Amino acid sequence: MAGTALRGRLTWQVATVAALTRETASVCTIGLEPPDWAGHRAGQHLDVRLTAEDGYRAERSYSIASAPGERLAITVERLDDGEVSPYLTEDLQVGDELELRGPIGGYFVWEPGDDSPLTLLAGGSGVVPLRSILRYRLSTGSAVPARLLYSARTLPDVIYHDELGQHHDGVQVSYTLTRSQPPGWTGHTGRINADLLADVAWPAAASPVAYVCGPTSFVETAAAALVGLGYPPERVKTERFGATGGP
Amino acid sequence: MEPLDGNAIGGPLIDVFGAEMTGVIGTCGYCGDTGPVAELVVYRQAPGTVARCRACGNIVMVFVKVRGTTCVDLMGMASLGQPGAA
Amino acid sequence: MSHISRGFRGRRRVPDAEAGRLPPGQYLTEGFPVLSAGPTPHTPLANWTFSITRGGATKGSWSWPEFQALPAENVTVDIHCVTRWSKFDTGWRGVSVDALLDRVEPDGRYVMAFCDGGYTTNLPLDDITGGKAWVAFDYDGQALAPEHGGPARLLVPHLYFWKSAKWVRGLDLRDTDQPGFWETYGYHMYGDPWREQRYAGD
């Protein structure tokens, strides 16, 4: 019978939507139960494929928001002119099925065996794979010190705000809000730049490793600034998101 | 249209090579620059996917899905390291 | 049986009475997707030329002011991209390729269109003459945007839209049909959407 062929983790499989969590007005986390998931590494992504009744297909990549060992989850940002993200963030229901394959990625990954201090730079939905890294760091009891600088337009746009506020175990989280700030805001403002990173990122002398994720322009600016601060280029890992909100 | 990077071709690379390749080191056949596949400049919105050397901009990889089969042209690469040996 | 995503339609509208206008395998779109294989070129108009060449020699060349002085026409056409989106009734303004070739006595049976950024595509001379092709510089009543091929692109609506080369800078006349950029990577040498000639061998 069709469908009983042996499935590897890199082939398409149909997962059940187990949970939907609204993170912000335009961002939703989708908990998934795939039938044949071999696990993943923190920082990886998966591909999602939607097929309409007339056979029309659209495919997108989304970073995995869950840590290894947790139930699989992706976090999706709704793009106004998007084709897939409005469906995933507004139409999808618990119990629906979602075709996916993965995990994908071996470069933008973090393992707890690495002692290097972590500089994590997030632009908008680029925080998603970094959140997986932070959750994995926590769940493995890693003592690696981490600094997350998260650039978002406004405070309501910050994804996982409550969760990120709970890190007191060697994780420093700071925000820069680029479009508007709430009254009394004491965090940073404006787009990421070398001065801000000189303040917030690990100094190069600490031999840190950096993970930079977000829109292409954010990543280019942030990565170049870290290199300018003395980070060896091979110690600055980058993942650029496009207009899809995913890699 | 802002380009992406080689992370975005992780899936097609698995289609073609059967292995995770984004961490593999490639050498540009035009300028000799080396680096992980993940750091290539990738244009996905086209009849095919094009990966360019970040240093010189020349095309090092082209993916085209011909009748459902992913085909890749690597003529722009001087070399590509072993899968998994990132 | 392939998986169907409940309720997913995508960014398309399905034509009712116009179904016969849609080539096989195509979907109608309301947007105008930007497809590119490289960075958007930005050639200043002062440096822009359009040339007809043959065997290394230039048979005719126009600067931007000279090109703008040529007779131009408004055309409304359906366009079909090999990535399966189609768009009906797109409005362009451009110089007919006939008007350009008439001034140079073309010989050869094929052309290779060449563009800023290095893109090329091949076409039979017959398919860009007789009112079938333009060098277009306006879209939808406005100057053609750089991401859509501006300042000027080739417009050959009866073939798949990869043949309507963006950032076109000229046509090289040839005796034989040689593959351009996408043709080299497996796309069809001719590209008739009505015969669904997407890939070599179709």
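Computed from the coordinates by the stated procedures, all read-outs in this text should not be read as laboratory data. No experiment lies behind these values; they were computed from the predicted model shown. FYI the Cβ positions are ideal-geometry reconstructions off the backbone, even for glycines, and counts take in every protein chain you see.
Observations on the model:
- Mean-square fluctuations from a GNM of chain B, with a 10 angstrom spring cutoff on Cα atoms, peak among B:G18, B:G32, B:G68 at B:G68.
- Counted residue by residue at 0.36 nm each, then reduced by the alpha carbon distance between them, the extension gain from A:D114 to A:R153 reaches 10.8 nm.
- Longest segment of chain A lacking GluC sites (Glu not before Pro) that sit in a DSSP loop with at most 15 other Cβ atoms within 10 Å: A:71-247
- Mean shadow area of chain C over all directions, Cα convex hull, nm²: 12.9
- Lysines whose Cα lies under 26 Å from that of B:K65, excluding same-chain neighbours fewer than 8 positions away: C:K87, C:K163, C:K166
- Global form of the stretch B:16-68, assessed from the alpha-carbon gyration tensor, a/c cut-off 1.5: oblate
- Extension gain, A:D169 back to A:W185 (0.36 nm per residue minus Cα-Cα distance, nm): 3.4 nm
- Measuring nothing but how far apart in sequence close Cα pairs (under 8 Å, 6+ apart) lie, relative to its length, chain C scores a relative contact order of 21 percent.
- Bins of 10 Å from zero: percent of alpha-carbon pairs in chain A: 7, 32, 35, 19, 6, 1, 0
- For the protein assembly as shown, the Kirkwood radius over C-alpha pairs fed into Stokes-Einstein at 25 °C and 0.890 mPa s yields D = 98 µm² per second.
- Computed magnitude of the charge dipole of chain C (debye, nearest 20; Cβ of K, R +1, Cβ of D, E -1): 660
- Chain A - percent relative contact order, Cα under 8 Å, separation 6 or more: 20
- Calculated diffusion of the stretch C:3-111, Stokes-Einstein form, Kirkwood radius summed over Cα pairs, 4 °C and 1.567 mPa s, µm²/s: 73
- Within the protein assembly as shown, percent of DSSP bridges classed antiparallel, to nearest 5: 75
- Size descriptors for the stretch C:98-202 (Cα atoms only): Rg and Dmax, in that order, 13.3, 38 Å.
- Karplus-based coupling profile of the stretch A:36-41, in residue order and whole Hz: 9, 9, 8, x, 8, 10, with θ = phi - 60° in 6.51 cos²θ - 1.76 cosθ + 1.60 and x standing for Gly or Pro.
- Between B:R67 and C:T76, the distance separating the two model label sites (each 7 Å from Cα on the Cα→Cβ line) works out to 3.9 nm.
- Distance from the alpha carbon centroid of the stretch C:151-202 to that of the stretch B:28-86 works out to 23 angstrom.
- Taking every DSSP beta bridge that has both ends in chain A, the antiparallel portion is near 55%.
- Kirkwood Rh, Cα atoms: Rg over Rh of the stretch A:62-199: 0.98
- Its alpha carbons give the stretch A:13-104 an Rg and a Dmax of 12.3, 37 Å.
- Contact order relative to length of the stretch B:4-78, as percent, for alpha carbon pairs under 8 angstrom and 6 or more apart: 28
- Gyration tensor verdict on the stretch A:172-243 (Cα atoms; rounded if a/c is under 1.5, prolate if a/b is larger than b/c, oblate otherwise): oblate
- Annotation note: trypsin sites (Lys or Arg not before Pro) in the stretch C:105-187 located in DSSP loop regions with a Cβ neighbour count of at most 15 within 10 Å are C:R109.
- Lys, Arg +1 and Asp, Glu -1 on Cβ, resulting dipole of the stretch C:123-178 about Cα centre, debye, nearest 20: 100
- Dimensionless Rg over Rh [the stretch A:118-241; C-alpha; Kirkwood]: 0.93
- The length gained by stretching the chain between A:E90 and A:T11 to full extension, at 0.36 nm per residue less their Cα-Cα distance, is 25.8 nm.
- Loop GluC sites (Glu not before Pro), the stretch C:7-113, which have at most 12 other Cβ atoms in a 10 Å radius of their Cβ (DSSP): C:E18, C:E30
- One Cα centroid belongs to the stretch C:17-84, the other to the stretch A:189-247; the line between them spans 38 Å.
- Per-residue HN-Hα couplings for the stretch B:20-35 [Karplus 6.51, -1.76, 1.60; θ = phi - 60°; Hz; x = Gly/Pro]: 5, 10, 5, x, 6, 8, x, 10, 5, x, 9, 10, x, 4, 10, x
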